[in-house]
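The values are calculated or read from the model by the stated rules, or taken from the named source; none is laboratory data. None of the values given here were measured: they were computed from a predicted structure. Don't worry about glycine lacking a Cβ; one is built from the backbone with ideal geometry, like all the others, and counts go over all protein chains shown. The area values use the complete protein model at the heavy-atom level, side chains included, leaving out ligands, DNA and RNA. Shrake-Rupley method; radii C 1.70, N 1.55, O 1.52, S 1.80 Å.
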Amino acid sequence: MLITGATLADGRVRDVRIGDDGRIDAVAGGLGADAGERVIEARGRHLLPGAVDVHVHFREPGGSHKETWTSGSRSAAAGGVTTVVDQPNTSPPTVDGAAFDEKAALAADSLVDYGINGGVTAEWDPESLFDRPLFALGEVFLADSTGDMGIDADLFADALEAAARRDVPVTVHAEDATLFDEGALDGDLGGVGTAATADAWSAYRTADAEVAAVERALAAAADRDAQVHVAHTSTPEAVDAVVEARDDGANATCEVTPHHLFLSRERARSLGTFGRMNPPLRSEERREALFARLAEGAVDVVATDHAPHAVAEKRRGLVDAPSGVPGVETLYPLLLESARTGELSLERVRDVVAANPAETFGLDRKGRVAEGRDADLVLVDTADPREIEAAALHSACGWTPFEGLRGVFPEVTLVRGEVVYERDPATGAASFGEPVGRNVGES
């Protein structure tokens, strides 16, 4: 394939040739088409590296009514995500070799490349788990969330030591349950869709609970020379703690999610229990400060924590509704809209969704439009935003917390040179390719 006249994230206009091996052969000007090449004329549009979403929950095995590897990877492809990393809180949880193998067999249905993380519980079997091609260990839950996989400090320390011995990164869900405000859940919460319901979860799982847990996790990892990646950081204070630890020599990074960047407790008033997630939405003041940390370079990665649940499940009362929101399809679109309006640079967007996660987790062939890299590519018209509508998205769960916001969606998504998604901008008609996903842990 030859893509001609594409504008890269840094503003250069280049042609990009893709070889038969699915890698980028050339990035240059004035390339002519070879016999048999498909040519995509990209003048006036941007060609970006496919996003590497290091935090998704595709729910299989055990939760296929919420999402499957087919529906989740289609959603990823339609949003320009070409690599996903699935978390271990499935049923059964991915805490031993047999559970890893079961998930890996299901992941063969993926349209996009994938990694599979291993989990830590009292029942985990590190020997068989580390014998598999893991992407990372985690997310390791320091407080319970979906799947009830919360662990204590001693087991966390054991996991850090086991991972450090094998040079495996550890991703951490950092909240301290002893600092939750139990009183926030007392009394009449007002039903599924009210402001009282929406705000109570944020009041319950406090910002202080996150910051304290992040600081302890960073210290524990540093003591054991372990690489630690803090998942879904929702407060500017926690981001600052990661930056400070790194400045002190720790091998530490952090991610933030689109829902913590674009939604706040104020927005949650219209979401009700559909806005319940862990960690929860924060105040508008904290959201703005978190976005500022992203813009100025303090945030390493933006990942979605794509955690779909069925509509009927989310309509339960606050205490019974499961935590989590979908987001893999709207990651790039939301950030590209922020670039279009001038809140972020396009290079910053490229870095936090593609280049940085690839570098952080050692994916040497992912994350950049450059010779020798995998041709994981996304073609977008950054001047053509559209309103986000659940009906136009592809997750099996059928809803989105970003309804009504605007996003810039891909026209073409390639995984190692294979077209896995293509949309006609004139008609909106879209088509998907075949499952070509590979386990990046085996690379």
Residues of the stretch 177-192 classified as among the acidic types (D, E) and either over 22 Å from T273 (Cα atoms) or modelled with pLDDT under 85 (or both), total: 2
Checking D320 against (1) open to solvent by 20 Å² or more (accessible area, probe 1.4 Å); (2) among the acidic types (D, E); (3) touching a residue at least 40 places away in the same chain (Cβ under 8 Å), which single condition isn't satisfied? (3)
Out of all the residues in the stretch 107-124, which are assigned to a loop (DSSP other than H, G, I, E, B) and open to solvent by less than 10 Å² (accessible area, probe 1.4 Å)? S110, L111, V112, N117, G119, V120
With the structure loaded, tell me whether R59 is under 21 Å from the mean Cα position of the chain (by Cα), open to solvent by 10 Å² or more (accessible area, probe 1.4 Å) and touching a residue at least 40 places away in the same chain (Cβ under 8 Å) or whether it fails that test. yes
Hey, does the stretch 337-347 have a residue that's on the phi > 0 side of the Ramachandran plot and without any contact (Cβ under 8 Å) to a residue 12 or more places away in the chain? yes
Tally of residues being surrounded by fewer than 18 Cβ atoms within 10 Å (Cβ to Cβ), in a helix (DSSP H, G or I) and more than 21 Å from the chain's Cα centre (by Cα) across the stretch 260-289: 5
Options T235, T257; residue that is open to solvent by less than 10 Å² (accessible area, probe 1.4 Å) and touching a residue at least 60 places away in the same chain (Cβ under 8 Å): T257
With respect to A310, is the statement that it is touching a Lys or Arg at 6+ places or on another chain (Cβ under 7 Å) and either free of Cβ contacts under 8 Å to residues at least 24 places away in the same chain or surrounded by fewer than 24 Cβ atoms within 10 Å (Cβ to Cβ) (or both) true? yes
What's the total number of residues in the stretch 20-45 that are open to solvent by less than 80 Å² (accessible area, probe 1.4 Å) and farther than 22 Å from P410 by Cβ? 7
Hits in the stretch 1-17 - residues which are over 26 Å from T304 (Cβ atoms), assigned to a strand (DSSP E or B) and open to solvent by 10 Å² or more (accessible area, probe 1.4 Å): T4, V13, R14, D15, R17
Tally of residues being of a type in the set (D, E, K, R) and in contact (Cβ under 8 Å) with a residue 40 or more places away in the chain across the stretch 268-294: 5
Here is a list: A354, A370, A375. Which entry is over 30 Å from R267 (Cβ atoms), touching a Gly at 6+ places or on another chain (Cβ under 7 Å) and either modelled with pLDDT under 95 or open to solvent by less than 40 Å² (accessible area, probe 1.4 Å) (or both)? A375
State yes or no: is G297 at pLDDT 95 or above, at positive phi and open to solvent by 10 Å² or more (accessible area, probe 1.4 Å)? yes
Just one listed residue, out of A222, A217, is at pLDDT 95 or above, open to solvent by 10 Å² or more (accessible area, probe 1.4 Å), closer than 22 Å to G150 by Cα and not in a loop (DSSP other than H, G, I, E, B), and it is A222
